[in-house]
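Rule-based calculations on the coordinates, nothing more; no lab input. Given the structure is predicted, the values throughout are model-derived calculations rather than measurements. With ideal geometry, Cβ positions are generated from the backbone for all residues, glycine too; neighbour counts draw on all protein chains shown.
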Amino acid sequence: MAFKPNRSFKRKYDRIFKRDPVAANLFLLLAEMADEKGRVVTNEVEIAPLMEVRFKDPTQYAFGSKLNG
């Protein structure tokens with residue numbers, strides 16, 4: 001099942017993005033990787049290449065439109 005962020009998730013992402021864009025995109029990647037119960041089984045060695053593949057620029061806003069504010 002594909003991850004579909006709801007409004008609450010996007011608000012959390014936006015708050016994190018304002019402070020640290022890379023952390024916000026890591027948050028998004030982990031949410032995309034989580035199972036139905038929200039669990040993610042991985043480590044930093046596996047995350048680094050996934051971040052490179054998922055985000056061309058890990059500091060860029062991931063939801064298409066620019067962040068308001």
Inter-label distance, nm, simple model (7 Å from Cα along the C-beta direction), Y61/A23 | 1.9
Give the relative contact order (percent, whole number) for the chain; include only Cα pairs under 8 Å separated by 6+ residues.
-> 32
Taking 0.36 nm per residue of separation between A2 and E46 and subtracting their Cα-Cα distance, the length gained on full extension comes to 13.8 nm
Over the C-alpha atoms of segment 7-54, what are the Rg and the largest Cα-to-Cα span, Dmax, in Å?
-> 11.2, 31
Count the net charge of all other residues whose Cβ sits under 14 Å from the Cβ of E46, scoring Lys and Arg as +1 and Asp and Glu as -1.
-> -2
Correct response: the longest run of the chain lacking exposed trypsin sites (Lys or Arg not before Pro), defined by DSSP loop and at most 13 other Cβ within 10 Å, is 1-36
With everything on Cα atoms, drop me the angle between helix 21-33 and the longest principal axis of the chain, reported from 0 to 90° to the nearest 10.
-> 40
For segment 10-63, run through the GluC sites (Glu not before Pro) and keep only the ones in DSSP coil with at most 10 other Cβ atoms within 10 Å of their Cβ.
-> E36
Between R39 and R15, the two model label points (7 Å from Cα along the beta-carbon direction) sit apart by a distance in nm of 2.7
